[in-house]
Amino acid sequence: MSRNVAMAGEETARESYPAELVALRERIREQPVEIRAELEPLIAEVFEHAQFRGRVLAIARDALERFRLDLTALRFDLEVTRRERDSLRFTNLDAN
């Protein structure tokens with residue numbers, strides 16, 4: 001068994017891979033040695049791509065969440081600024 005596939009098996013417990021990939025890896029492990037030797041490097045690469053894609057999606061989700069929080073804060077600041085402006089206008093009109 002290739003080291004990459006073994007490592008992918010250990011990572012399955014820590015990261016969530018699609019069930020189809022896990023099932024495919026199990027089916028490859030059940031194959032004769034000659035077939036496994038050809039397919040194990042390929043499935044290891046597929047697991048690496050799935051892991052990378054998962055990390056990219058997590059980063060994108062985090063960035064989107066931060067953007068949403070920033071947008072909410074900016075909207076709040078804008079509303080407060082508008083109220084302050086309107087209050088100052090009203091005060092200035094009373095002073096005149």
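Annotations for the structure displayed:
- Taking the listed residues 39, 57, 88, the one that is aliphatic (A, V, I, L, M), surrounded by 10 or more Cβ atoms within 10 Å (Cβ to Cβ) and modelled with pLDDT under 95 is 88, with no other qualifying.
- Of the residues making up region 47-71, just one is in contact (Cβ under 8 Å) with a residue 12 or more places away in the chain and among the aromatic types (Phe, Trp, Tyr), namely 47.
- Of all residues in region 22-46, those that are free of Cβ contacts under 8 Å to residues at least 24 places away in the same chain have Cβ atoms under 9 Å from Cβ atoms of residues that are part of a loop (DSSP other than H, G, I, E, B) and crowded, with 16+ Cβ neighbours inside 10 Å, 6 or more apart or on another chain, in 25/17.
The values are calculated or read from the model by the stated rules, or taken from the named source; none is laboratory data. Model, not experiment: these values are computed from the prediction. For neighbour counting, all protein chains shown are included, and Cβ atoms are generated from backbone atoms with ideal geometry for every residue, glycine included.
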